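Here's the structure, in structure tokens; my notes come after.
The values are calculated or read from the model by the stated rules, or taken from the named source; none is laboratory data. Just so it is clear, the structure is predicted and the values come from calculations on it, not from any experiment. Cβ: placed from backbone, ideal geometry, glycine included. Neighbour counts: every protein chain shown.
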Amino acid sequence: MRRPRSPPYDKHMKAPCVLASRRPSHPDDEAHYETSSQYTGRVADEVEGQVIEESDELDAEAQARRQLALTQIRQYGDPVLRMTAREVTSFDEDLQRLVTRMKQLMHDARGVGLAATQTGILQRVFVFQEGEEDAIAVVNPVFSDLSNETEIDDEGCLSLQGITVPVERHLRLTLHGKDPEGNDLSIELEGHAARVAQHETDHLDGVLILDRTTDEAYKAALATLRPKPILASV
Ligand code: NI
């Protein structure tokens, strides 16, 4: 049986997401990165998508924070990951709280992007990390000016732990949407940042990297992935 084809971007230009960093990092972790060139190297080499690979160099406390965060991020097999998120219409305190929580989860999970869907909230919101800057939240994302030029690179996902698969993405695009306060937002993205925006936007449409990879990588990923029990949130 064939997998359903992913919708082309020009048919679902509502998606969340923004910039991602070539090297995901967080202000709190500066000391860690400065003292651990090997770790940042692994990140840069292995992760183009959403996930920072686990590393032996994460200290015990950071590792514990990461594991706790991952228990609060929906994992492959959870049907919510296949659902379509709704447009946000209220830029209220609930939205602010959601964004704050998502940024914290992304940070703790060592990711560079996180869509609301992955926290079980079907609203069109995602957050992403660009370099040393504070994480950015994008509400009701829409793409324009998608480049014809594409690039294939490996991506991981916080909801698909333990795998990376090659995914073809547009190299450049312009991301439109609103910030959590309801102000208009428009950002030109290229390369890794554009990739993360497309990845997160896919989440809002129930699309996973498994849907966009080669048949060979898909089969190999499935051999690794099994529906995992959803651990209780703490
Ligand atoms: Ni993902």
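General remarks:
- Filter result (surrounded by fewer than 16 Cβ atoms within 10 Å (Cβ to Cβ) and within 12 Å of the ligand (Cβ to nearest atom)) within segment 212-228: none
- Cross-chain or 6+ apart pairs with Cβ under 7 Å, segment 61-81 first and of a type in the set (Gly, Ala, Ser), then in a helix (DSSP H, G or I): 69/105; 69/108
- Strands (runs of 3 or more DSSP E) contained in segment 70-165 and holding at least 1 residues under 14 Å from the mean Cα position of the chain (by Cα), within 12 Å of the ligand (Cβ to nearest atom) and surrounded by 15 or more Cβ atoms within 10 Å (Cβ to Cβ): 113-115, 125-128, 150-157
- Among residues of segment 129-147, those that are of a type outside the set (A, V, I, L, M) and at pLDDT 95 or above, counted: 6
- If you go through segment 174-200 and pick out every residue that is among the acidic types (Asp, Glu) and crowded, with 23+ Cβ neighbours inside 10 Å, you end up with 1.
- Of all residues in segment 105-131, none that is in contact (Cβ under 8 Å) with a residue 24 or more places away in the chain has its Cβ atom under 7 Å from the Cβ atom of a residue that is aromatic (Phe, Trp, Tyr) and in a helix (DSSP H, G or I), 6 or more apart or on another chain.
- Hey, residue 182 outside any helix (DSSP H, G or I), more than 19 Å from the chain's Cα centre (by Cα) and on the phi > 0 side of the Ramachandran plot or not: yes
- Scanning segment 44-69 for residues that are away from the ligand (no atom under 16 Å from the Cβ) and either modelled with pLDDT of 95 or more or part of a helix (DSSP H, G or I) (or both) returns 44, 45, 60, 61, 62, 63, 64, 65, 67, 68.
- Annotation for segment 188-201: no member residue is within 15 Å of the ligand (Cβ to nearest atom), more than 16 Å from residue 76 (Cα to Cα) and touching a helix residue (DSSP H, G or I) at 6+ places or on another chain (Cβ under 6 Å).
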